Amino acid sequence: MASLQASNFLLSSSSSSKQIHAAISIPKLPSVRFSAPKLRQPTIQSEELNRKDGLINTIPIQNDVHSTPLVQQTSSVSMATFQLYAVLEAIADRVEMHKNIGEQRDNWNTLLLNSINMITLTAATMAGVAAATGVGAGVSVMGLKLASSVMFSAATGMLVLMNKIQPSQLVEEQRNATRLFKQLQTQIKTLLAVGSPCQDDVNDAMEKVLALDKAYPLPLLGVMLDKFPASLEPAVWWPTKRSPNSNKALKNNNGWTKELEMEMREVVEVIKRKDSEDYERLGNKALNMNKVLATSGPLLTGIAALGSAFMVSSNSPWAATVAAVAGALASAVNTFEHGGQVGMVFEMYRNNAGFFKLMQESIESTLDECDVEKRENGELFEMKVALQLGRSLSELRDVAKKSSYSRIEGSPMDEFASKLF
């Protein structure tokens, strides 16, 4: 019986194994081969364009089966371009220096003005209190009198120094220098972007930088501009010898006609008769006013110091009155001169007069060139002149016609060339 059960168990297990084997058996699929096309190996593996400050360096790496890899660096940048970039770096440094020094000297103006006025008014108050207390107070008033005299003397010395350097005028000089250096920086960048610079362009840029350094010096000792000249002289921030323009002709006559030349000559006459003359007149008025104020301030504080000294020695009420009144007047004069920035106004007129002088010289030097192909293109030059004067081309031509008619009829010209200033 046991042997029969074992045989049945073996039969059942063998049949179940056959069923499982049949259930998990998978038919074989036919193999499919995919072939990818071979890519041709490039002769140049990598070509990198390194751009930095406008410079382009192309570095091809050539690979050949029968040769070793070769790295070759080629550069199409001329030496004049490298030199102009060096000039740009120097200009950027000057822009930052003039900006920082301008802020510093603006702080000088504010701090010195407030300090001198506080000293002067305090000394005047002490003189008035000493005079009101009277002689009977004795030793207690003597301290007020001595302190008033010392403070008036200190205010006089500080005011003489402040009027000598004119901080508000120094600030305006640095503002103009910053603006003109940025203008030159833009011109050089434009030349690098659209033109092919040469050595003459490098020399011209360096001359302009040195001319700006001379026109707006940074140090105070030795090379500081005269703050009280005999009369207004226009600022000159361009080289005295201007290099000829080397622009190529765009047309046969390079955009120049007889009518355009006459128009430019009339614009120069208007600038001379109206704009330059008017700014020189206003600049001389500001200069004379500044001279009077710069003299009056220290004179009044000096009178107040003398009044305080006599008040200490003689106990005179008149001396105290003179000291108090002169001190108050000195504070008012100082506030009007440096708070109103009269020196800055004079420098602004001087710079504007220099701008019109530059325009006159630029137009005249262009017209004096007989060969029109060596001039700047006439249409482009006319557009630049119109933009600098704040006018459209039609308005510029109308001004030239009015100037011609006024000279023929002998009537005065009632319009200025510039609409910006």
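The values are calculated or read from the model by the stated rules, or taken from the named source; none is laboratory data. Bear in mind that the values here come from a model prediction, so they are computed numbers and not experimental data. Note that each Cβ is placed from the backbone with ideal geometry, even for glycine, and that neighbours are counted across all protein chains shown. Just the protein is used for accessible areas: all its heavy atoms, side chains included, with ligands, DNA and RNA removed. Shrake-Rupley method; radii C 1.70, N 1.55, O 1.52, S 1.80 Å.
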So for the stretch 70-77 (the condition being exposed (fewer than 13 other Cβ atoms within 10 Å of the Cβ) and at pLDDT 95 or above), does at least one residue qualify?
no
Out of curiosity, is Gln185 within 22 Å of the chain's Cα centre (by Cα), part of a helix (DSSP H, G or I) and either free of Cβ contacts under 8 Å to residues at least 12 places away in the same chain or farther than 20 Å from Asp106 by Cα (or both)?
yes
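Do you know which residues across the stretch 254-273 are part of a helix (DSSP H, G or I), open to solvent by 50 Å² or more (accessible area, probe 1.4 Å) and either in contact with a Phe, Trp or Tyr (Cβ under 9 Å, 6 or more places away or on another chain) or among the hydroxyl-bearing types (Ser, Thr, Tyr) (or both)? It would help to see each step written out before you state the result.
In the first step, residues of the stretch 254-273 are kept if they are part of a helix (DSSP H, G or I); the result is 258-273.
Then keep just the ones that are open to solvent by 50 Å² or more (accessible area, probe 1.4 Å); that gives 258-259, 262, 265, 269, 272-273.
Matches in the stretch 254-273: Lys272 only.
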Counting only residues that are within 14 Å of Gln83 (Cβ to Cβ), open to solvent by 50 Å² or more (accessible area, probe 1.4 Å) and part of a helix (DSSP H, G or I), how many does the stretch 188-206 have?
5
Mind checking which pairs have a first residue in the stretch 300-311 that is closer than 14 Å to Ala130 by Cα and a second that is of a type in the set (Lys, Arg), Cβ under 6 Å, 6 or more apart or different chains?
Met311/Lys145
Residues of the stretch 274-310 classified as open to solvent by less than 40 Å² (accessible area, probe 1.4 Å) and either outside any helix (DSSP H, G or I) or closer than 18 Å to Ala323 by Cα (or both), total
10
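For the stretch 90-105, how many residues are free of Cβ contacts under 8 Å to residues at least 60 places away in the same chain and either open to solvent by 80 Å² or more (accessible area, probe 1.4 Å) or β-branched (Val, Ile, Thr) (or both)?
Initial filter on the stretch 90-105 (free of Cβ contacts under 8 Å to residues at least 60 places away in the same chain): 93, 96, 100, 103-104.
Now drop any that are not either open to solvent by 80 Å² or more (accessible area, probe 1.4 Å) or β-branched (Val, Ile, Thr) (or both), which leaves 93, 96, 103-104.
The qualifying residues number 4.
So how many residues does the stretch 150-173 have that are open to solvent by 40 Å² or more (accessible area, probe 1.4 Å) and more than 35 Å from the chain's Cα centre (by Cα)?
Pass one, the stretch 150-173, residues open to solvent by 40 Å² or more (accessible area, probe 1.4 Å): 150-151, 153-154, 157-158, 160-161, 164.
Okay, now just the ones that are also more than 35 Å from the chain's Cα centre (by Cα), so 150-151, 153-154.
Looking only at that region, the number is 4.
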